[in-house]
Amino acid sequence: MNGLISIIVFIPILASIIILALLRNDKLIRRFSFSIVSIELILTIFAFSLYDKAKGGIQLVDFIEGWIPIKGFNANYLVGIDGLSAPLVLLSGILGAAAVWGSWRIKNRVKEYFALLLFLQGVVIGVFVSLDLLLFFIFWEAELIPMYFLISIWGSGRAHYSAAKFVIFTLFAGALLIIGILAIYLSQGINSFTMVSIPELNLQGIPELMAGANLLIPVSIIFWLFFISFAIKLPLWPLHSWLPDAHTDAPTAVSVMLAGILLKMGGYGIFRISLGFFKNSSFNFDIAAPILVILGAISVIYGAILTIRQTDLKRLIAFSSVSHMGYVIIGFSSLISVVSINDTLALNGAALQLFTHGTITGLAFLLVGLVYDRTHTRYIPDLGGLTSKMPIIAVFFLIAGFGSLGLPGLSGFVAELMIFLGTFQVGNIFAIATVIGVFGVVLAAGYTLWMIQRSFFGNKPSKESPVSKDFETLSDMHILDVLPVLVLTIPIFVVGIYPRLLTDIIEIGIREMFLL
Amino acid sequence: MSFQDFLIISPEIVISFTAISVFLLDLFINNKKFLVNVSIAGLLFSFILTLGLSNGWLIESPGVYAFFSSIKLDEFSLFFKVLIILSGVAVIGSSGEYISSNIESKGEFLGLLLLSITGMLLLVSSVELITVWVSLELTAIPLVALVALGKNDTSLEASLKFLILSAVSSVVILYGLVFLYGYSGSTYFNDIFSYISSTTSSPEDLIVLNYGLLIGIILLVLGISFKLAAFPFQMWVPDVYQGAPTPITAYLSVVSKAAGFAVLLRIIYSVLGGNDFSVILSNLFSIIAVFSMTIGNVMALRQNDIKRLLAYSTIAHAGYLLIGVASLNISGIGENLYSGPQGVLYYLAGYAFTNLTAFLLIIGVSKSIGTFELSGFAGLRKKSPLTSFVLAVSVISLLGIPPTVGFMSKIFIFSAAVNTNLTWLAIVGVINSVISAYYYLRILKIVFVDPENNQSEIKVSKSISLITLIGMIGILLLGLFPSLILEIAEIAVMSIVNI
């Protein structure tokens, strides 16, 4: 019993209850939330640095046995971090801080807004640290309540439609997930919700038990139940249609959270469950992996092509997420060829991509939010020449854009390079898919640069544009906006220059999944 | 007949005496608030007696028969008695204001409600066919009058529909009972059970020789589906729920349903035990469950009246509950042998908290806004933040999102289904709960997002606020610590299983 991880999960949740029940003054609520996420950021950095790479395995474990002690339904309270979840916990700390710090402009229903945002941060971290399947599923579903309200109350456009679409897609994902969870739990020889083995506590995890289990329903059905569920969340083509709507209509901070960490729930699930549970089971990846890599490649190209055609800044970034998450699946499919520790390069890259995409896209959404606050439009043809009025925003936008298209020295490059190198080595269809995937980077360069060129450089907005009237009065970044922008920009550089900071720890996590 | 027999039905005796005294006091007393207090006092006294029966203060231990073995006091009936009495307290306790403004015959309202509760209490403990039928009638007939007590025409229409369908279902049940008696030669559950288990060895013979019994059981199940608000007797639900006085709607949706499931479970596990009838029954329940869920959820999508919407939602929930009933573990393997009925009991307890909270809030709010239209709830958040928060918790629980009891109930029900090789049914169930998100989210949207469209002030009476707050705490507490109820449910289920 260590307590640190539980504190990280429950501080924001408790804070949201305190805000709802006790605090009345808007100013106070804002300051309170700011300090809570700052504490949270420090705690997640602390937890990340506490992870002992030499020791490996699951660390900082909190374990309460028999949370639901019913005969035949043994769920425990079990949280902890390993090489896979530690970077994602850190990412949640960073993104949560950026989202709350970046929300100081919110004037409407401040109390509920910050309570929901903090609650969201708490439950999403809960998803990453839960090592008990039922607990994992509870956090997975609990995320819906704050997201629904955040999008539908503070959103713009067809906010309720998008929020409901988001909830229904996620509930559907949850429906498949729970059937998979129950099928695994109730199989003879498993009867456990524990997601990983922890020798110190004498806990045998499902990955270990899967090999000898007599499964209730065929293993391939269970695999696809889980995979489709995570693919909706990721999202992977053709299950992505909720994402552009939710992103476009959500308020800035929620887009940041959504792109930054909520999509990563899907990616995390793919690694923890689709890989961790099934790699040592009787499931045959020989058929699945080619399908995955093809879907991944389609996602990359389809997402990129749609991105080029977008005229709304937010929608554009949203579609680029579909493209970037495709890389995760391409990298993930290389699991088929892993026989030794040297073959996990692409998998490490895919896990790293989760982190890098979180910071880069989070930053992009934050900056689009800043632009929108000033111009009151996100319609690209209405914008132009913004650099002259907001040079600092433009600089950071360039960083986000270059990170997104994979400029060496920034974090996106490292992750994508690892994915391409690793997956190409597998050969056959994987090599072809990788080549197609690389082409996606070219498209990414195209849409990113074209978007920046049209909105930030070039001519001032034309006379018909609503922006042209107030163009001279547009201001640059406010001093309070520097903090959230910086907290996202620093990891992009740090990871880009010194990727071992994350890859070392991710490698430990991936290696342990293969029991290598 | 000994004194202990009377001790065993002392909760029922107390409530029926309370009912009669309420009728009489109504003639002499002008302060009708007093009648509410008398009713609650009676219910609470009978609650204490029930606790006494379960703890061994009054009798040595549960599991005893009374009145020539027609009534059995076991953990199962005690579970339901507590559930029914507490729901009764919640309904009557929060309807004081409603009664004084909307109901003319106040004494009759309370008295009849208490009589119906008495019938429910007898129903859950009866282990003999005639007793079952008489108790069923005792629950239904007062309800016909109660539904009609609203002041308007829709109330009368609802009452007439309720009367006719209730009579039809009673006849169907009676017909089923006749078959059971005719083939087994006894009206006692235990005798029928030993007849069935002694007749034959091979499953084919069992069905061939006893097809009459099978017909009887099927008729019985179909008739009881009226009580459950499940397919094929679900047509009355929306009209009656809409037309009836709202406290009665709340009562119907929770107590009536719980008692129906109690009878159903008792018949399955006490009369049929674990033999091959169960396979056929499991299929029958699966079909009823699929239809109930789908009809309920699809029809609820387009409702604009909140009572009607919740009426369809209760049909859907009856469907989820029937998944648990269908999950009969025939082969008798696995650790969680009776996870199905155990899940049903937990679900019913959670549903009582959830649905009562929702309905009682609707009583409170609709009194102020003067309508049951969903659009009338717009801007509720602004006028009454606490009320809307509690309403949100109950709606989220109905939808089945953590950390509420509705989420856990669904997990247990679906788990039972997967455990008994009914994975397809669990999948239908989860897909249905995805569909239900659409209309539950609409309620949340109207309450929290839409701008207010009328200026009326919302004043929810203190008693409703208190009871719904307790309900909300129950929803969250049972959702986070389900073992509070599940352990009791396990003992309760074990007490009715005949092997």
>> Can you tell me which of (1) surrounded by 24 or more Cβ atoms within 10 Å (Cβ to Cβ); (2) closer than 15 Å to B:THR249 by Cα; (3) of a type in the set (Gly, Ala, Ser) is the one B:ALA140 doesn't meet?
In response: (1)
> Name the residues in the stretch B:420-440 that are of a type outside the set (Val, Ile, Thr), farther than 21 Å from A:ILE184 by Cβ and touching a residue at least 40 places away in the same chain (Cβ under 8 Å), would you?
Replying inline: B:ASN432, B:SER436, B:TYR438, B:TYR439, B:TYR440
> So, of the residues in the stretch A:185-212 that are within 14 Å of chain B (Cβ to nearest Cβ) and over 15 Å from A:LEU134 (Cβ atoms), which turns out to be least open to solvent (accessible area, probe 1.4 Å)?
Replying inline: A:SER187
>> Let me confirm something: among A:LEU20, A:LEU50, A:LEU43, A:LEU28, which residue is of a type outside the set (Ser, Thr, Tyr) and either closer than 30 Å to B:TYR346 by Cβ or buried (at least 19 other Cβ atoms within 10 Å of the Cβ) (or both)?
In response: A:LEU20
>> Being under 18 Å from A:PHE285 (Cβ atoms) and facing chain B (nearest Cβ under 10 Å) is true for just one of A:ILE178, A:ILE217, A:ILE221. Which residue is that?
In response: A:ILE221
> So is A:LEU407 under 30 Å from A:LYS53 (Cα atoms) and either of a type in the set (Gly, Ala, Ser) or modelled with pLDDT of 80 or more (or both) or not?
Replying inline: yes
> Can you tell which of B:SER21, B:SER46, B:SER77 is hydroxyl-bearing (Ser, Thr, Tyr), open to solvent by 30 Å² or more (accessible area, probe 1.4 Å), at pLDDT 85 or above and assigned to a helix (DSSP H, G or I)?
Replying inline: B:SER21
>> Contact list please: Cβ distance under 6 Å, first residue in the stretch B:248-272 and closer than 20 Å to B:VAL237 by Cα, second residue open to solvent by 10 Å² or more (accessible area, probe 1.4 Å) and in a helix (DSSP H, G or I), pairs at least six apart or on different chains.
In response: B:ALA250/B:LEU356; B:VAL254/B:LEU356; B:SER256/B:LYS227; B:ALA258/B:LEU83; B:GLY260/B:LYS227
> For the stretch B:54-74, what are the residues that are out of contact with any Phe, Trp or Tyr (no Cβ under 7 Å at 6 or more places or on another chain), closer than 13 Å to B:ASN190 by Cα and open to solvent by 30 Å² or more (accessible area, probe 1.4 Å)?
Replying inline: B:TYR65, B:PHE68
> Applying the selection to the stretch A:57-84, what residues are closer than 21 Å to A:LEU501 by Cβ, open to solvent by 10 Å² or more (accessible area, probe 1.4 Å) and not in a strand (DSSP E or B)?
Replying inline: A:GLY57, A:ILE58
> Out of (1) within 24 Å of A:ALA253 (Cβ to Cβ); (2) more than 14 Å from chain B (Cβ to nearest Cβ), what's the single condition that is false for A:SER6?
Replying inline: (1)
> Just checking, how many residues over the stretch B:207-232 are at pLDDT below 80 and open to solvent by 10 Å² or more (accessible area, probe 1.4 Å)?
Replying inline: 4
>> Every residue in the stretch B:332-362 that is among the aliphatic types (A, V, I, L, M), open to solvent by 10 Å² or more (accessible area, probe 1.4 Å) and modelled with pLDDT of 85 or more, please.
In response: B:LEU356
>> Kindly evaluate A:TYR161 against the criterion of being buried (at least 23 other Cβ atoms within 10 Å of the Cβ) and either within 10 Å of chain B (Cβ to nearest Cβ) or at pLDDT below 90 (or both).
In response: no
> Counting only residues that are open to solvent by 10 Å² or more (accessible area, probe 1.4 Å) and within 12 Å of chain B (Cβ to nearest Cβ), how many does the stretch A:142-157 have?
Replying inline: 5
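The values are calculated or read from the model by the stated rules, or taken from the named source; none is laboratory data. Quick caveat: nothing in here was measured; it's all calculated off a predicted structure. Because the Cβ atoms are built from the backbone with ideal geometry, glycine has one as well, and the counts that use them run over all protein chains shown. Please note that ligands, DNA and RNA were not included when accessible areas were found on the heavy atoms of the full protein model with its side chains. Shrake-Rupley method; radii C 1.70, N 1.55, O 1.52, S 1.80 Å.
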